[in-house]
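Written below as structure tokens is the structure these notes are about.
Read-outs throughout are calculated quantities, based only on the coordinates presented, and are distinct from any laboratory measurement. In this text, all values refer to a predicted model and were calculated from it rather than measured experimentally. As a convention, Cβ positions derive from the backbone with ideal geometry for all residues, glycine included, and neighbour counts pool all protein chains shown.
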Amino acid sequence: MIKSMTGYGRAAQTIAGMAVTVEIKSVNHRYFEFSCRTPRAYGFLDEKLKGFVQSKVSRGKVECYVQIDSLEEAEVQVQLNASLAQGYLQAFDELSQRFGLENDVRVSTLSRYSDIFSIHKAEADEEKVWNAVRTVAEEALTHFVDMRVREGERLRADVLARADTILEHVAFIESRSPETVREYNEKLLARMQTVLEGAQVDEQRILLEAAIYADKVAVAEETVRLRSHIDQLREFFGAKEAVGRKLDFLVQEINREANTVGSKAQDVEIARRVIDIKAEVEKIREQIQNIE
């Protein structure tokens, strides 16, 4: 199944006292690259999500965003830094004695110094959090993959239509190529008759020159390979695994054969068709850069 490397999926659910939102999006990339943004307290989710997403995605630059809001009151502990508080008291006492001031320090006075207190929330149950996030991520990933499949189908249709256009040009070249040899033969005969001013023309020489020319401009091997490459292109589009890299290589081969035909052709019509083929190949190349 052909998939695009561009996709987006989002899901949000309330599970186990948590409001969880997961967004997944991707753009083109030669390999699989994953980055994840999760709340600081849930950093342990990054690697888990990477493995989860990679089980369904083989190529593309994937970004995942996770938002988790607890709907339950978390257990909070406030701890006193007694040594620091003692330091403040000693400093106040020294201040009082040195400057003759009344030492009226009270608990409310010390409470203004927030650094003597530390607040600790109960650690999250990692398994509980992961199960909730995985459930939401699975829904988001389904939307994400569905979008890539739809886009992949559009790309497949476009590439195959262009492949058909290439075959039309190949068919013209195959029919036109023998005509160029015949036309060359006629021109050569007419030229020799003009040069020899009506004298007997050596037909064997004409046949030899025509044969040399025909061998020089023959493109049958190249057109056969072009047809074979197009057939292989169609086969790739029916594969179940990711074929983006294979398609990229195959398009290079198609372009190489077209270049060879262009270098051999000594006919304006064939040269024009080669240009048209190369234009279609370039458009196909652009499209397959989006294919996983």
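Some observations on this one:
- Projected label distance in nm at Thr165 and Glu286, using a 7 Å step from Cα toward the beta-carbon: 1.0
- Over 29 Å (Cα to Cα) - which of Lys3/Lys48; Lys48/Lys283; Lys50/Lys278; Lys50/Lys283; Lys246/Lys278 fall in this group: Lys48/Lys283; Lys50/Lys278; Lys50/Lys283
- Potential lengthening between Ala279 and Glu63 on full extension [0.36 nm per residue; Cα-Cα distance subtracted]: 74.4 nm
- Cut-off under 5 Å, modelled amide H: who pairs with Gly60 long-range: His29, Tyr31, Phe32, Glu33
- Relative to its residue count, the range 1-159 spans a Cα convex hull of 153 Å³ per residue.
- Amide H contacts under 5 Å for Met5, placed H, 5+ residues apart: Ile291, Glu292
- For Cys36, nonlocal amide neighbours, meaning residues 5 or more places apart or on other chains whose placed amide H falls under 5 Å from its own, are Cys64.
- Cα-projected label distance for Arg176 with Phe44, points at 7 Å along beta-carbon direction, nm: 6.9
- Sorted peptide list for 237-247, 83-93, criterion being average Cβ within 10 angstrom, highest first: 237-247, 83-93
- Spin-label model distance (nm) - Phe92 vs Arg245, 7 Å beyond Cα toward Cβ: 6.9
- Among 225-235, 144-154, the order from most to least packed when residues are scored by Cβ within 10 Å on average: 144-154, 225-235
- Taking the Kirkwood radius as Rh and the Cα radius of gyration as Rg, the range 76-121 has a ratio of Rg/Rh equal to 1.08.
- Ranked packing of 110-118, 157-165, most packed first, by mean Cβ within 10 Å: 157-165, 110-118
- Rounded to 5, percent antiparallel among DSSP beta bridges of the range 16-130: 70
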